[in-house]
Amino acid sequence: MNRIGFVFQSSPHSTTKGREGLDAILAASAYSEDIDIFFIGDGVLQVLENQQPEHILSRDYISGFKMLALYDLEEIFVCQTALSNRGLKPSNLNIEVGVISNQQINEKLVQCAQVMVF
């Protein structure tokens with residue numbers, strides 16, 4: 001099966017992209033385990049711990065990212081530069097991720113037959 005890449009580059013709760021991306025991953029996981037997930041730029045905020053979306057009257061889909069482990073999706077990566085630029089560490093995130101460089105992200109994306117950006 002061909003590898004599918006999912007890239008999150010938008011901040012949470014400003015649009016529906018994050019929720020739609022999570023839904024797409026969960027749907028794709030029913031057909032394939034060859035899935036890579038990347039959080040780059042403001043997308044790293046999608047998995048930031050202790051969010052309180054109810055204060056802005058938004059639905060809490062962020063906790064749904066914790067379900068990725070239940071679907072045996074373990075190829076989850078965060079851009080080191082994006083974390084550093086926002087003063088974050090992997091311990092600030094609500095899921096286990098691999099922290100990799102921009103170059104490593106590009107190398108992994110090239111291996112994906114399809115890439116979906118949210």
Worksheet item: Residues with amide H under 5 Å of Val78's amide H, sequence separation 5 or more or different chain, H placed in the peptide plane at 1.01 Å from N; which?
Response: Phe39, Gly98, Val99, Ile100
Practice prompt. Calculate the dipole size of the chain relative to its Cα centre from +1 charges on Lys and Arg beta carbons and -1 charges on Asp and Glu beta carbons; express the result in debye to the nearest 20.
Written response: 320
Item to complete: Would you please classify the overall shape of the stretch 1-66 from the alpha carbon gyration tensor, given that a ≥ b ≥ c denote the square roots of the eigenvalues, rounded means a/c under 1.5, and beyond that prolate means a/b larger than b/c while oblate covers the rest?
Response: prolate
Worksheet item: According to the square roots a ≥ b ≥ c of the eigenvalues of the Cα gyration tensor, what is the shape class of the chain, taking rounded for a/c under 1.5, prolate for a/b larger than b/c otherwise, and oblate for the remainder?
Response: oblate
Discussion item. For Leu93, what residues show an amide H to amide H distance below 5 Å, using hydrogens built from the backbone and excluding near sequence neighbours?
Written reply: Glu49
Worksheet item: Roughly how many nanometres apart are two label points built 7 Å out from the Cα toward the Cβ at Gln104 and Glu33?
Response: 2.2
Discussion item. 5 Å is the cut-off here: which amide hydrogens, built 1.01 Å from N in the peptide plane, fall below it relative to Phe6, excluding neighbours closer than 5 in sequence?
Written reply: Asp36, Ile37, Phe38, Met116
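So if R0 is 22 Å, what FRET efficiency would Thr16 and Asn94 give, r being the distance between their Cβ atoms, rounded to the nearest 0.05? Intermediate results must be reported in sequence, preceding the final value.
Details: r = 20 Å, r/R0 = 0.89.
Plugging the Cβ-Cβ distance into 1/(1 + (r/R0)^6) gives 0.65.
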Worksheet item: What order, most packed first, do the peptides 12-19, 96-103 have when packing is the mean number of other Cβ atoms within 10 Å of each residue?
Response: 12-19, 96-103
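Can you give the % of DSSP beta bridges in the chain that are antiparallel, to the nearest 5? Please report the intermediate quantities before stating the final value.
On the way: 1 of 16 bridges.
For the chain, the DSSP antiparallel bridge percentage is about 5.
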Discussion item. Could you compute the net charge surrounding Gly98? Neighbours are other residues with a C-beta less than 15 Å from the C-beta of Gly98; K and R count +1, D and E count -1.
Written reply: -3
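None of the figures in this text is laboratory data; all of them are computed from the coordinates on show. Note that this is a predicted model, so its numbers are computed, not measured. For neighbour counting, all protein chains shown are included, and Cβ atoms are generated from backbone atoms with ideal geometry for every residue, glycine included.
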